[in-house]
Amino acid sequence: MTALGLTLLFEGRPVKAQAGVTITWEAENGALESPIIRRNGVHTDKKPGRPGRNSGKGWIEIKDGANGEAGEGDHPGKAIFKVNVPEAGQYTFWARTLWPNGCGNSFWVRLAERPNQLLGEDGTYDVWKWRKVATKLTLAKGVNTIIVANREDGVMMDSCQITTTSVEPQGAIAETQNALVK
Ligand SMILES: [Ca+2]
Ligand SMILES: [Ca+2]
C-alpha cells in the first residue's frame, strides 16, 4: 500500500501512516525451492495471553532436520519473490517469522546476484514476530527479485514487507494488491 497521510485502522486503533512506500506480501505466495515448503492453514503461536496467527493462507517453512546434521550455513533451498516496486529507493526488509530455538532462528535474504544478508539470530522463540535485515535494500522502480534462502532448518515465515518508512510492522498485515508478479 502506498499511504500518504492516511489514517488507518490497526486492530481497532487509529494509526497515522508515515509518508512513504510500504509493500507487504504473503511468504506462501512466492516461488519455492525444496526444502522450503508451503504450509496451508493456521498456526497459532504461544504468545502469553495474546496468541498471534499467520496471515493469508499459510506460511513457508524448512522442516526441522531438513539440513541433516548441518548447522548454520549457505544451504540449498530458497523462496523467490518478484516484487512490484513503485519507486526506486532504500527499503527496509521485514519478515514475520517464528523460531523454535537458537538452532532454527534465521534466514538469508538477498537480492538476485547480491550477497546474503542475515535475518534473525535473535532469542525470541515460539511467537510470530516481525524481524528486519539490518542493511537496507536498494531497489529499482519496477520488478525486483528478492530471495529468502535456507540458513538453518526448523524456521517458519508468514509474510514479508519492504518499506521506505521507519515504522515497525505489528501483527498480521494484509497483502498489498499486486505486490508480487506471478
Ligand atoms: Ca541460529
Ligand atoms: Ca502467510
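Of everything listed in (1) modelled with pLDDT of 95 or more; (2) closer than 25 Å to ALA134 by Cβ, the single unmet condition for ALA19 is (1). The numbered conditions (1) more than 14 Å from the chain's Cα centre (by Cα); (2) touching a residue at least 40 places away in the same chain (Cβ under 8 Å) are all true for ASP122 except (2).
Might you check whether a residue that is in a loop (DSSP other than H, G, I, E, B), at pLDDT 95 or above, away from ligand 1 (no atom under 15 Å from the Cβ) and among the aromatic types (Phe, Trp, Tyr) occurs anywhere in region 78-87? Looking for residues that are in a loop (DSSP other than H, G, I, E, B), at pLDDT 95 or above, away from ligand 1 (no atom under 15 Å from the Cβ) and among the aromatic types (Phe, Trp, Tyr), one finds none in region 78-87, hence no. Can you say whether ALA179 is among the aliphatic types (A, V, I, L, M), within 15 Å of ligand 2 (Cβ to nearest atom) and touching a helix residue (DSSP H, G or I) at 6+ places or on another chain (Cβ under 9 Å), as far as the supplied structure shows? Considered against the rule, which asks whether it is among the aliphatic types (A, V, I, L, M), within 15 Å of ligand 2 (Cβ to nearest atom) and touching a helix residue (DSSP H, G or I) at 6+ places or on another chain (Cβ under 9 Å), ALA179 comes out as yes. Checking each residue in region 88-105 for being more than 16 Å from the chain's Cα centre (by Cα), surrounded by 14 or more Cβ atoms within 10 Å (Cβ to Cβ) and part of a strand (DSSP E or B) picks out only GLY89. With the condition kept exactly as written, say whether any residue in region 98-121 is under 22 Å from PRO169 (Cβ atoms), within 15 Å of ligand 1 (Cβ to nearest atom) and among the acidic types (Asp, Glu). So far as region 98-121 goes, yes, one or more of its residues are under 22 Å from PRO169 (Cβ atoms), within 15 Å of ligand 1 (Cβ to nearest atom) and among the acidic types (Asp, Glu). When residues in region 151-182 are screened for being assigned to a strand (DSSP E or B) and either at pLDDT below 95 or not charged (D, E, K, R) (or both), 8 of them pass. A single entry from ASP158, ASP126 fulfils the requirement of being touching a Leu at 6+ places or on another chain (Cβ under 8 Å), away from ligand 1 (no atom under 16 Å from the Cβ), under 21 Å from ASN40 (Cα atoms) and among the acidic types (Asp, Glu): ASP158. Picking from residues in region 25-44 that are in a strand (DSSP E or B) and within 10 Å of ligand 2 (Cβ to nearest atom), the one that is surrounded by the fewest Cβ atoms within 10 Å (Cβ to Cβ) is ASN40.
Considering region 45-76, the residues that are away from ligand 1 (no atom under 16 Å from the Cβ), small (Gly, Ala, Ser) and not in a strand (DSSP E or B) include one that is surrounded by the most Cβ atoms within 10 Å (Cβ to Cβ), namely SER55. Given the structure, is SER34 in contact (Cβ under 8 Å) with a residue 12 or more places away in the chain and under 19 Å from LEU180 (Cβ atoms)? Judged against the criteria, SER34 is not a match. Do you know which residues across region 120-143 are under 21 Å from GLN90 (Cβ atoms) and within 16 Å of ligand 2 (Cβ to nearest atom)? Selection gives TRP130, ARG131.
The values are calculated or read from the model by the stated rules, or taken from the named source; none is laboratory data. Bear in mind the structure is a predicted one, so any value in this text is a computation, not a measurement. Cβ sites come from the backbone with ideal geometry, for glycine too, and all protein chains shown count toward neighbours.
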